Amino acid sequence: GNSVTQMEGPVTLSEEAFLTINCTYTATGYPSLFWYVQYPGEGLQLLLKATKADDKGSNKGFEATYRKETTSFHLEKGSVQVSDSAVYFCALRAPWTDYQLIWGAGTKLIIKP
Amino acid sequence: DARVTQTPRHKVTEMGQEVTMRCQPILGHNTVFWYRQTMMQGLELLAYFRNRAPLDDSGMPKDRFSAEMPDATLATLKIQPSEPRDSAVYFCASGLDKKGTHNEQFFGPGTRLTVL
């Protein structure tokens, strides 16, 4: 079946450090891939997306590249800020399926000043 | 700025009481999702609707939970009777299921439910 696996958190970094949050998936065909972010006390919001292999999604300094060969969609940022502290969710939508998203467990990111 | 709204934002109730949570999806969206978030289970899909019709509620305990869309501007999630294990944050999300929209889901701020 379809599934998403994220690295376990929390991930704790100092301000201006380089960030990687790993996400791998299992799906048939070419799913669409997403990263959502949840700030404290809020709902989730879309951070970036990629809909085909080798696409790079980017937003707010975050990037993720759709790697079909490694079935991965790792989230990266070159220099994190305290305001990036949040929970990050990786998700996929399998092709030819309903509208539902398959979610990862979420990775909590803590950035210390 | 179109947003999904949810009411109430917080609810504290006693075991056995009925709880109703409401959601107003973004105008023009044709899909609505109900999720439950807990520390232990993470984000769970409870139900989803397309064009007001329930397409999947397999994640929902049928004996006590019910979800409806009386009209295109209102989705409700009811728990009767409520139990302490129902304590969680309940999110509503809406989206536009249309070719080319990449299926983004827009989340509301959530209802934090505490059942004593």
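We did not get these values from a lab; they are worked out from the coordinates using the rules stated. Every value quoted in this text rests on a predicted model; they were computed, and no experiment measured them. Cβ coordinates were reconstructed from backbone atoms using ideal geometry, including for glycine residues, and neighbour counts include every protein chain displayed.
List of remarks:
- Most fluctuating residue given options A:66, A:25, A:99, as computed from a GNM of chain A linking Cα atoms under 10 Å: A:99
- Of the GluC sites (Glu not before Pro) in segment A:1-77, those whose Cβ has at most 15 other Cβ within 10 Å and which sit in DSSP loop: A:8, A:15, A:16, A:42, A:69
- Under 17 Å from residue A:108, Cα to Cα: lysines that are on another chain or at least 8 residues apart: A:77
- Taking all Cα-Cα distances within segment B:1-66, those exceeding 14 Å account for 69%.
- For chain B, a Gaussian network of Cα nodes joined below 10 Å ranks B:18, B:83, B:104 by mean-square fluctuation, and the top entry is B:104.
- Taking segment A:78-113 and a reference point 7 angstrom along Cα→Cβ of residue A:14, the backbone N atoms nearer than 18 Å belong to A:78-85, A:110-113.
- In the protein assembly as shown, Rg over Rh equals 0.97, where Rg is the alpha-carbon radius of gyration and Rh the Kirkwood radius from pairwise Cα distances.
- The distance separating the Cα centre of segment A:21-57 from that of segment B:1-19 comes to 28 Å.
- Here r is the Cβ-Cβ distance between residue B:22 and residue B:116 and R0 is 30 Å; the resulting FRET efficiency, rounded to 0.05, is 0.90.
- Among A:28, A:65, A:12: highest mean-square fluctuation, GNM of chain A, C-alpha pairs under 10 Å: A:28
- Reduced Cα scattering model of chain B, Debye log10 I(q)/I(0), q = 0.10, 0.20, 0.22 Å⁻¹: -0.27, -1.05, -1.26
- For chain A, the relative contact order comes to 37 percent (Cα pairs under 8 Å, sequence separation of at least 6).
- Converting phi to 3J(HN,Hα) with the Karplus coefficients 6.51, -1.76 and 1.60 and the offset θ = phi - 60°, segment A:10-16 yields x, 9, 10, 9, 8, 3, 6 Hz in sequence order, with x at every glycine or proline.
- Applying both filters, DSSP loop and at most 13 other Cβ atoms within 10 Å, to the trypsin sites (Lys or Arg not before Pro) of segment A:21-113 gives A:52, A:60, A:68.
- Distance (nanometres) between label positions extended 7 Å along Cα→Cβ at residue B:52 and residue A:55: 3.2
- Cβ-defined net charge surrounding residue A:10, 15 Å radius [Lys, Arg +1; Asp, Glu -1]: 0
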